[in-house]
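Quick notes on the structure that follows.
What follows draws every value from the coordinates through simple rules; no lab data is involved. Being a predicted model, the structure only gives us computed values, none of them experimental. A quick note on method: Cβ atoms are made from the backbone with ideal geometry, for glycine too, and the neighbour counts reach across all protein chains shown.
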Amino acid sequence: MEINIKYLSIQNPWWLGGTLKYDPILENYDQQDVKFRPKILDEIILDKNLIYILRGPRGCGKTIILKLIIQNLIERHAVNPKNILYYSCHNISSYEQLNEIIKVFLSESKARDNKDRLYIFIDEITLVKNWEKGIEYLRRAGLFSNAELVLSGSMLSDYKVSSEFLDHKSYRQLIVPTSSFREFLESLNPDWEQNFEKEKISVNQLTKLDYYLDIYFLTGGFLGAIDSYKKHTAVKQYIYSNFIYWLIADVAKMGRDLVLFRQVLEKVIFNLGKPLGYKTITHKTKAKTHLTAEEYINILEKMFVLKVVYQAGDGGVRKSKAKKIFFLDPFLFWTFYSYIYGSLSYWQFSRISLYQEETFLNLVKNLVFCHLNRKSHEDLTSITFWRDNIKKSEIDFIVKIDRRTTPILVRYGQEIIEQDRKIFARAGFEEGVVVSKNKMDLEGKIKIMPLNYFLLYF
């Protein structure tokens, strides 16, 4: 198919109508019961000559963010609609095609003798092989001197690729997270905080939030799932199915084995939050070596499905030791949990399975991880765990936030004993946090917080 300005106009109907009134993404957004304004919009300033790269899992709202920016440019800042290019990369595969699309747009602007700023929005750019090479080539050629770029993608780039092509000061990478428990609570009950004072809050008051916490365990922070629950008191099956379809399509596009992909997910789910080695993952799967298992875990990590947490030691991380693997959102856990069991109704199956004791306690730890992951810096050592292999004891998480290191022990539903306090000292910490079910003690260096308090105020 020839790439020309007529072809590009298919994804840019505002060139003719000057409005996004009939845009299906914004139309669906306006019809949602759960309204939100992504906070990340405040970090995107389109007069800095930066190339923004938005990263996050599919369904977290990246496309909505792009369309809201475009709407704002046209309706509030009176930008000429023809100076705005949007392109979703689902139907192209090479960076040469991507570069041609951008150059056609730039050439059309030059033909119009346009002197105003141009705005280029490329959605799901990570579907294009070697896209970093193409964008960096155009940048170095000076073609973006009068243009602002916002790119989005559902995969992280390889570290080597990022350091080679995206390490210039012109690039700024932003992670688009799913909603936290606080944001979820505000979307369902905007006035919840009127009856709570952080300094005076009691355990009895916190129990009033357990209803919402139970829902959050199932919907997680995905806006589509939250909105579906608010409308139907259930998450509709298509919300799950769409996510599975997108992920399988991406894995297939990378030429990976879908059966092995499912087997690896099964191993992660059945060992959630437990020390796990890549060799263990290969047992009873199609993976021939631990390197294959590691490759598939790395792919799922780049796709924002899960994250590997390494054991702390010797002032750094022990990558060769058994690690823990967590999902980046509870919704992702239930989506793949139901998928590997072959459930026909993911919502019903999730509700039934939630209160199986082992599953629930593992999910509590996963939820604590999700909360920490949103708050911590995106690097290898921001979240680790500590383990005493001789005494078989461990601290679930050690998190670095704003240069402060905090050890966190999860004791939800368990009696908190003196030995739990001593484990912090054995690991070399004077202070720490214990996450409980309904016990609270914020005095002293070792603070005990109920899970819902921890999710709201830590």
Problem set entry | Chain lengthening between Arg318 and Ile417 when straightened (0.36 nm per residue, less Cα-Cα) | 32.7 nm
For this session: Starting with the highest mean, order 14-24, 189-199 by the number of other Cβ atoms within 10 Å, averaged over the residues of each peptide.
Result: 14-24, 189-199
For this session: Taking the Cα centre of the stretch 5-175 as origin, sum charge times position over the Cβ atoms of Lys and Arg (+1) and Asp and Glu (-1), and report the length of that vector in debye to the nearest 20.
Result: 220 debye
Exercise. Say each of Ser170 and Asp33 gets a label point 7 Å from the Cα, pointing the same way as Cα to Cβ; how far apart are those two points in nm?
Worked result: 4.7 nm
Exercise. Could you give the nm distance between label points at Ile244 and Lys115, where each point is 7 Å from its Cα heading toward the beta carbon?
Worked result: 5.8 nm
Exercise. With labels modelled as points extended 7 Å from the Cα through the Cβ direction, what inter-label distance (nm, one decimal) is found for Gln237 paired with Asn49?
Worked result: 5.5 nm
Seminar exercise, completed: Net charge near His90 (other residues with Cβ under 13 Å of its Cβ; Lys, Arg +1; Asp, Glu -1) is -1
Exercise. What Rg and what Dmax come out for the stretch 39-198 when only alpha-carbon atoms are used, in angstroms?
Worked result: 17.6, 61
Exercise. For the stretch 215-220, in order, what is each residue's ³J(HN,Hα) by Karplus, 6.51 cos²θ - 1.76 cosθ + 1.60 with θ = phi - 60°, in whole Hz (x at glycine and Pro)?
Worked result: 5, 5, 4, 9, 8, x
Exercise. So how do 402-410, 81-89 stack up, highest first, on mean other-Cβ count within 10 Å?
Worked result: 81-89, 402-410
Seminar exercise, completed: Amide H proximity to Val235 below 5 Å, modelled H, separation 5+ or other chain, gives none
For this session: Starting with the highest mean, order 323-331, 264-272, 45-53, 112-120 by the number of other Cβ atoms within 10 Å, averaged over the residues of each peptide.
Result: 323-331, 264-272, 45-53, 112-120
Problem set entry | Percent RCO, i.e. relative contact order, over the chain, from Cα pairs under 8 Å lying at least 6 residues apart | 13 percent
Problem set entry | Residue (of Tyr216, Val259, Ser353) at the positive-pole extreme of the chain, dipole from beta-carbon charges | Val259
For this session: Give me the number: length gained by fully extending Lys21 to Ser345, i.e. 0.36 nm times residue separation minus the C-alpha to C-alpha distance, one decimal in nm.
Result: 113.2 nm
For this session: Please get the size of the charge dipole for the chain, origin at its Cα centre, with Cβ charges of +1 on Lys and Arg and -1 on Asp and Glu, quoted in debye to the nearest 20.
Result: 940 debye
Seminar exercise, completed: Listed by chain and number, the residues whose amide H is under 5 Å from that of Leu85, excluding neighbours fewer than 5 places away on the same chain and using placed H, are Tyr119, Ile120, Phe121
Exercise. If you take the beta carbon distance between Glu431 and His283 as r and set R0 to 41 Å, what does 1/(1 + (r/R0)^6) give as a FRET efficiency, to the nearest 0.05?
Worked result: 0.55
For this session: For an R0 of 60 angstrom, estimate the FRET efficiency from the Cβ-Cβ distance between Asp257 and Lys200 and round to the nearest 0.05.
Result: 0.60
Exercise. When the chain is fully extended, how far beyond the present Cα-Cα distance does Asp42 get from Asn438, taking 0.36 nm per residue of separation?
Worked result: 138.9 nm
